[in-house]
Structure formats: structure tokens, C-alpha cells
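J.: Pasting a structure here, questions to come.
What follows is calculated from the coordinates using simple rules that are stated; it is not laboratory data. Because the structure is a prediction, the values reported are computed rather than measured. Cβ coordinates were reconstructed from backbone atoms using ideal geometry, including for glycine residues, and neighbour counts include every protein chain displayed.
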Amino acid sequence: MTEWPLPGSCPACGSGDVHVLAFGMPLPEEVAAAPPWVWFIGCVVDGPEDRHCLRCRNRWVASPA
Ligand SMILES: [Zn+2]
């Protein structure tokens, strides 16, 4: 089973309402097993950011790959 990183908190506003952005095409069972704060955004993305704040819509890179 995929281990999902914790979303953490927003560096801009401090909110904990943060989603993890998951790239690529997941398997249906991955989608079903993922926590509710994981967003599957597909293969076509604007940048390397993998966190999204629901409060201020900030996006950032949580950790270098
Ligand atoms: Zn924020």
C-alpha cells in the first residue's frame, strides 16, 4: 500500500487545511485507499508543487525529491 506523506501546514498562512498533490495516473485501488486530503492531479501539471493550501490557495514544494 502506498505510504502518503502528511500534508503538514501552510508556510504562508499556517493553516492545516492542506492537500497533498499526487502526480501521475493512480490505480483505482490507490485512489480508494488514499486519505481524503490527497488530490490526484494527473500527469499534466503546471509545476513541481506538491502541496496546496485550501485556505489561501498557496502551492509549494514540501520536500525535494
Ligand atoms: Zn495557506
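J.: Sticking with the crude label model, points 7 Å out along Cα→Cβ, report the distance from Arg57 to Ala32 in nm, one decimal please.
T.: Each label point is offset 7 Å from its Cα along the Cβ direction, giving 3.5 nm.
J.: Also: For the chain, calculate the relative contact order in percent as a whole number, restricting contacts to Cα pairs under 8 Å that are 6 or more residues apart.
T.: Details: 97 pairs, mean separation 21.1, N = 65.
Once divided by the residue count of the chain, the mean separation gives 32 percent.
J.: Separate question: For Leu21, enumerate residues with amide H under 5 Å from its amide H, sequence gap 5+ or separate chain, H modeled in the peptide plane.
T.: Close amide H contacts, sequence-distant or interchain: Trp39, Arg51, His52.
J.: Return P(r) of the chain (all Cα-Cα pairs; 5 Å bins starting at 0; whole %; ordered from short to long distances).
T.: That works out to 4, 18, 29, 25, 17, 7, 1, in percent per bin.
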